[in-house]
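All remarks here apply to the structure that follows.
The values are calculated or read from the model by the stated rules, or taken from the named source; none is laboratory data. In this text the structure is predicted, and so the values were computed from the model without any measurement. Cβ sites come from the backbone with ideal geometry, for glycine too, and all protein chains shown count toward neighbours. Side chains included, ligands, DNA and RNA excluded: accessible areas come from the protein's heavy atoms. Shrake-Rupley method; radii C 1.70, N 1.55, O 1.52, S 1.80 Å.
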Amino acid sequence: MRTQHFDTLIIGAGLSGIGTACHLMRDCPDTDFAILERRQQIGGTWDLFRYPGVRSDSDMFSFGFSFRPWNGLKTMADGESIRRYIEDTAAEYHVTDKIHFGVNLNEANWDSVQQRWQLLGECSSPTEEGGKALIEPVLFTCNVLISCTGYYDYQAGYQPEFVGMENFQGQWIHPQHWPQDLDYQNKRVVVIGSGATAVTLVPAMAEQAAHVTMLQRSPTYVLSVPAEDKLTHWLKQWIPEQWAYGMARRRNITLHRWMFKAAKRWPQLVRKLMLRGVRKALGEGESTAHFTPRYAPWDQRLCAIPDGDLFESINTGKASVVTEDIDCITESGIRLKNGELLPADIIVSATGLKLQLLGGLALKLDGESVDTRNRLTYKGVLMEGVPNMAWVFGYTNAAWTLKADLAAGYICRLLNHLRDTGQRQFIAVDKDGCMGDSSVMSALQSGYVERADHLLPRQGTRYPWKLLNDYPKDRKLMLEAPIDDGILNFSATRVAQNHSAEEEAAPTG
C-alpha cells in the first residue's frame with residue numbers, strides 16, 4: 001500500500017478546496033500540504049454539472065475569491081467560466097501541482113497514539129482511452145485535516161420514486177449526470193422542479209426544444225437581475241479596474257445583506273415587492289400564481305435569473321409552468337393529480353440534491369465512528385470533540401465563497417497559532433452545555449435540508465456554537481478575535497476524544 005504523510009491535507013479540489021489551498025500558500029507558506037481529489041479535474045461542482053445553461057446562483061462579485069476578485073461583467077457567470085476561474089486561480093497560486101487526482105477516500109481515523117489522521121482509500125490512475133484504470137489502495141496521513149467536500153453526494157442526486165417511472169419510453173435524465181450528446185431539438189421536454197437548476201434549464205433548453213414545461217409541486221421566489229453590471233463597466237473607464245471590481249464586490253455584499261435582513265424583518269413587504277417584479281415581467285393581466293410561494297422570502301433560497309430569461313421564454317410561448325402533484329409516469333409523459341397529461345419526449349428530474357458530509361467518508365476517532373448529528377460546530381469550522389480537523393462550509397443565505405474565504409482565513413490563523421506556541425493539537429470543547437437541536441443548515445426549510453437532518457451537525461444556543469450567518473460580524477470574529485478563547489483547548493501531547501476532553505487538555509495561557 002502506498003503511504004504518504006503531510007502536515008496538512010485538504011479533501012476536495014473544488015471552489016472551497018482551491019480557495020483554502022491558496023490561503024495556505026499566502027498565509028502559511030511553510031506548511032507542507034496536499035489536496036486529495038476524487039475526480040480527475042479541478043472544479044468540483046463546476047466540473048461535475050454540465051447541463052445546458054449551468055451558471056452561478058449568486059452574483060459573481062461576491063461569489064469570487066476575496067484575494068482574487070472576479071473580473072468579468074456577467075452578474076451570473078456560466079459554469080465553464082467559473083471552472084476556468086478556479087483553474088486559473090490554482091495556477092496563479094501554484095497549488096495545481098499539489099493536487100492528487102483520482103483519490104477516493106473511504107475512512108478518516110484519528111490515531112491519538114500517533115497523533116495524526118489516517119486516511120484510507122483507493123487511487124485510480126487515468127489510462128489511455130478505452131483502457132482500464134489502475135486502482136491501488138493508498139494511505140495518507142496528516143497532522144491536520146481540512147474537509148472541502150461541500151455538502152452533497154457527487155455520485156447521485158436526489159431522485160424521488162414516481163409511480164410508473166419504468167413505463168416511460170422517452171429519455172429520463174437527472175441534471176447531475178447530463179449526457180453531453182443529448183439531442184433535444186424539437187423535442188417536448190418536461191423539467192420536474194422549481195429550484196435554481198430548473199429555472200436555469202428551462203430557458204436554455206427552450207431555445208431548441210419544441211416546448212419546455214416546468215412542472216413544480218409548489219412555487220419558488222424568482223428574482224430577475226441584470227445580466228451584466230453596467231455600473232462597473234462605466235466605472236472601469238474612469239478608475240483602475242481593480243478599484244472598480246473591489247467596489248462592485250463591497251456593494252453587492254452589502255446589498256445582499258440588506259435584502260436578507262429586510263426579508264426577515266418585513267417579510268410581507270419584501271414578498272409584495274418581489275411579486276410586483278414578477279407581474280411586471282409577465283405582463284399586466286397575467287397570473288403570478290406559479291411564482292407565489294406559500295412561504296416567506298428567504299425561508300428557502302431565492303432563484304435569481306439574468307434579465308428575466310425564464311419569464312421571456314414563457315412570454316414567447318416556448319416554455320410554460322404547471323403547478324400540480326404527479327399522479328404517475330406514463331409511456332408518453334406525466335399524468336397529474338388533476339387528470340391532465342403532460343406529453344414528453346424527455347423528462348428532466350431536477351428534483352434536487354442528496355446531502356452528504358465529508359464526501360461520504362467514515363469519520364472515526366481511535367476506530368470509533370463519530371455521530372456527526374450529535375456534534376456541535378465551532379464557528380462553523382471545527383467539530384466539537386474532534387481534534388485537528390476543520391471543514392470549510394459556505395453560507396446558505398449568501399454567496400458560498402464569502403464564508404468559505406473566512407473559514408480558510410481562520411484555519412490559517414489557527415495553524416500559525418500552533419506553530420507560534422509550539423502546540424500540536426487543538427480541540428473545541430463545549431464546557432457550558434450549549435447543545436441545541438437545530439442543524440447547521442436550519443436557516444433553510446428546503447426539502448433537501450430536512451431529508452438530511454439525521455446527518456447534519458447541530459448548532460449551539462450561543463456563539464461560537466451558534467452560526468451568525470452575518471458576513472460583517474463573522475469577518476471580525478473569525479479574522480480578528482483571539483484564537484485562544486478558552487473554548488479551544490491546545491496541547492503538545494495527547495488530546496482526549498470525548499465530550500469531557502477538558503479534563504485532560506487544559507487551554508494554554
* Asked: Roughly how many whole Å is it from the C-alpha centroid of segment 98-114 to that of segment 464-482?
  -> 29 Å
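Taking the alpha carbon gyration tensor of segment 195-271, what are the square roots of 5 times its eigenvalues, largest first, to the nearest whole Å?
Working: eigenvalues 196, 100, 13 Å².
For segment 195-271, the ellipsoid semi-axes come out as 31, 22, 8 Å.
Any idea of the accessible area per residue across segment 1-65, 1.4 Å probe, to the nearest Å²? Spell out each step's value before the answer.
Working: 2030 Å² over 65 residues.
Value returned for segment 1-65: 31 Å² of accessible area per residue.
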* Among W117, S81, F101, whose Cα sits farthest toward the positive end of the charge dipole of segment 73-138 (+1 at Cβ of Lys/Arg, -1 at Cβ of Asp/Glu, about the Cα centre)? -> W117
* Structure fact -> Computed ³J(HN,Hα) along segment 82-87: with the Karplus parameters 6.51/-1.76/1.60, θ = phi - 60°, integer Hz and x for glycine or proline, the list is 5, 4, 5, 4, 5, 4
* Accessible area (Å², per residue) of segment 216-287, counting only protein heavy atoms and a probe of 1.4 Å -> 69 Å²
* Structure fact -> With x for Gly and Pro, the residue-by-residue ³J(HN,Hα) of segment 332-346, computed from phi through the Karplus equation 6.51 cos²θ - 1.76 cosθ + 1.60 at θ = phi - 60° and given in whole Hz, is 10, x, 10, 9, 8, 4, 7, x, 5, 10, 9, x, 8, 8, 9
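Can you give the local net charge around L255? Use residues other than it whose beta-carbon is closer than 14 angstrom to its beta-carbon, Lys and Arg +1, Asp and Glu -1. Intermediate results must be reported in sequence, preceding the final value.
On the way: positive: R249, R250, R251, R257, K261; negative: D59, D229.
For residues surrounding L255, the net value is +3.
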* Asked: Among the aspartates and glutamates, which fall within straight-line cross-link reach of K318, defined as a Cα-Cα distance under 18 Å, with same-chain neighbours fewer than 8 residues apart omitted?
  -> D183, E207, E286, D307, D309, D345
* Under Karplus coefficients 6.51, -1.76 and 1.60, residue-wise ³J(HN,Hα) of segment 155-172 in Hz, glycine/proline x -> 7, 7, x, 7, 10, x, 8, 9, 4, x, 4, 5, 7, 5, 8, x, 9, 10
* Asked: What size of dipole, in debye to the nearest 20, comes out for the chain about its Cα centre when the only charges are +1 on Lys and Arg C-beta atoms and -1 on Asp and Glu C-beta atoms?
  -> 1680 debye
* Structure fact -> Amide H contacts under 5 Å for A362, restricted to residues at least 5 apart in sequence or on another chain and with H modeled in the peptide plane, are E107, A108
* Asked: Can you list the residues, at least 5 places off or on another chain, whose amide H is less than 5 Å from the amide H of R458, using H built in the peptide plane?
  -> R375, L376, T377
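Which value in deg cm²/dmol, rounded to the nearest 500, describes the helix-derived mean residue ellipticity at 222 nm for the chain, given -39,500 (n - 2.57) per DSSP H run of n ≥ 4 and division by the residue count?
Values: 12 runs with 136 residues, N = 509.
Helices in the chain give a 222 nm mean residue ellipticity of -8000 deg cm²/dmol.
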* Asked: For segment 130-193, with every protein chain kept in place, what is the accessible area per residue (1.4 Å probe, Å²)?
  -> 51 Å²
* To do: Quantify, in whole percent, the carbon and sulfur part of the accessible surface of segment 344-416 (1.4 Å probe; protein heavy atoms only).
  => 45 percent
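Tell me the volume per residue, in Å³, of the convex hull enclosing the alpha carbons of the chain.
Working: hull volume 85.2 nm³, N = 509.
Each residue corresponds to 167 Å³ of Cα convex hull volume.
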* Built amide H within the under 5 Å cut-off of A227, gap 5+ -> D307
* the chain: angle of helix 241-265 to the longest principal axis, Cα-based, in degrees nearest 10 -> 80 degrees
* Structure fact -> To the nearest 10 degrees, the tilt of helix 15-27 (Cα long axis) against the first principal axis of the alpha carbons of the chain is 40 degrees
* Structure fact -> With a 1.4 angstrom probe the carbon and sulfur portion of accessible area for segment 73-120, in percent, totals 45 percent
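Of K354/K466; K264/K379; K74/K403; K264/K476; K230/K272; K74/K230, which sit over 18 Å apart, Cα to Cα? Write out the running numbers ahead of the final one.
Numbers: K354/K466 24 Å; K264/K379 22 Å; K74/K403 22 Å; K264/K476 23 Å; K230/K272 27 Å; K74/K230 9 Å.
Correct reply: K354/K466; K264/K379; K74/K403; K264/K476; K230/K272.
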* Got a number for carbon plus sulfur as a percent of segment 169-246's accessible area, 1.4 Å probe? -> 50 percent
* Positive-pole candidate from Q4, V322, P297, dipole of the chain, charges at beta carbon -> P297
* What is the Cα radius of gyration of segment 114-184 over 2.2 N^0.38 Å, N being its residue count? -> 1.73
* Could you give the C-alpha radius of gyration of segment 286-429 expressed as a fraction of 2.2 N^0.38 Å, taking N as the number of residues it contains? => 1.62
